[in-house]
Amino acid sequence: MVVKSELKLIKSLHQKKYRNEHGLFIIEGKKAVEELLRSKFKVFRIYVLEDVLPVKGVKDAAVILPKEMNQISSLKNPNGVVGVFYIPKAAAVDFSDWIIVLDDVQDPGNLGTIIRLCDWFGIPSLVCSENTVDCYNPKVLQATMGSIARVNISYTSLDLFLSEVSVPVYGSFMDGNNVYKEELPKRGILIMGNEGKGISDRVNRKCENRITIPRYGKSETESLNVATASAILMNEIRRA
């Protein structure tokens, strides 16, 4: 049986301040929950509707009623599985490979997609500015499709972080050098900017190398979506 106070706690985790206060986050979907159960994340409790049992790796899931699932879910049509996990401490950034850095990315779908891309391209570390959307936002987690289990994500001051690195730093700009003509190293840092403003002035000063994805069409499209641009640039990183 799940008491009202527990349901209230779970519902509160849709807001960042309560996630930080309790050190917990919520993720929905059977596949995503099972991914996290096989990872470093420590489970608090799993909540399921009776008709979706079993969930792999769970022996004592809390079976709840549809009306209770509706209370704790962020979805219009809940899929029947909600997992609550402890927020882990970020591991040290891996400088032996490429690192993706996000400068104030705001859209949850973009961040979730970029996390999934890091997983796909085998990039172990994602470093976010302090104003980048929270990676434990439920919409971000939905977009990761469980990939958050395999990418180390940290939040920090980019000024401080970039001042201390000793690997090449690349930034994505509209007026940068054609990435297809660049000889990219085997490791480095790639900075992607805010959806509307791009890379901020303070971070711009840290970029030793400015790269761009050339436009071939004749349209007046202003720029690429940051997640789309990240996919293209990560592909080039791995081709190097």
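Restricting attention to segment 5-29 and to residues that are within 19 Å of Asp60 (Cα to Cα) and among the charged types (D, E, K, R), the residue that is surrounded by the fewest Cβ atoms within 10 Å (Cβ to Cβ) turns out to be Glu6. Can you find a residue that is in contact (Cβ under 8 Å) with a residue 60 or more places away in the chain, of a type in the set (D, E, K, R) and within 30 Å of Gly193 (Cα to Cα) anywhere in segment 83-102? Yes, some residue in segment 83-102 is in contact (Cβ under 8 Å) with a residue 60 or more places away in the chain, of a type in the set (D, E, K, R) and within 30 Å of Gly193 (Cα to Cα). Residue check: Val84 meets all listed conditions (1) part of a loop (DSSP other than H, G, I, E, B); (2) farther than 26 Å from Ser230 by Cα; (3) at pLDDT 95 or above but one, namely (1).
Residues in segment 186-213 that are open to solvent by 30 Å² or more (accessible area, probe 1.4 Å), touching a residue at least 24 places away in the same chain (Cβ under 8 Å) and over 22 Å from the mean Cα position of the chain (by Cα): Lys186, Arg202, Asn204, Lys206, Glu208, Asn209, Arg210, Ile213.
The residue that is least open to solvent (accessible area, probe 1.4 Å), counting only those in segment 125-183 that are farther than 23 Å from Ser200 by Cβ and more than 12 Å from the chain's Cα centre (by Cα), is Asn178.
The set of residues in segment 80-98 that are open to solvent by less than 40 Å² (accessible area, probe 1.4 Å) and β-branched (Val, Ile, Thr) comprises Val81, Val82, Val84, Val93.
Condition check ((1) β-branched (Val, Ile, Thr); (2) touching a residue at least 12 places away in the same chain (Cβ under 8 Å); (3) in contact with a strand residue (DSSP E or B) (Cβ under 7 Å, 6 or more places away or on another chain)) across all residues:
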site: Lys4; (1), (2), (3): no, no, no
site: Gln15; (1), (2), (3): no, no, no
site: Glu21; (1), (2), (3): no, no, no
site: Ala32; (1), (2), (3): no, yes, no
site: Val48; (1), (2), (3): yes, yes, yes
site: Val63; (1), (2), (3): yes, yes, yes
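The values are calculated or read from the model by the stated rules, or taken from the named source; none is laboratory data. Being a predicted model, the structure only gives us computed values, none of them experimental. Using ideal geometry, Cβ is built from the backbone for each residue, glycine included, and neighbour counts are taken over all protein chains shown. These accessible areas exclude ligands, DNA and RNA; they are computed on the full protein's heavy atoms, side chains included. Shrake-Rupley method; radii C 1.70, N 1.55, O 1.52, S 1.80 Å.
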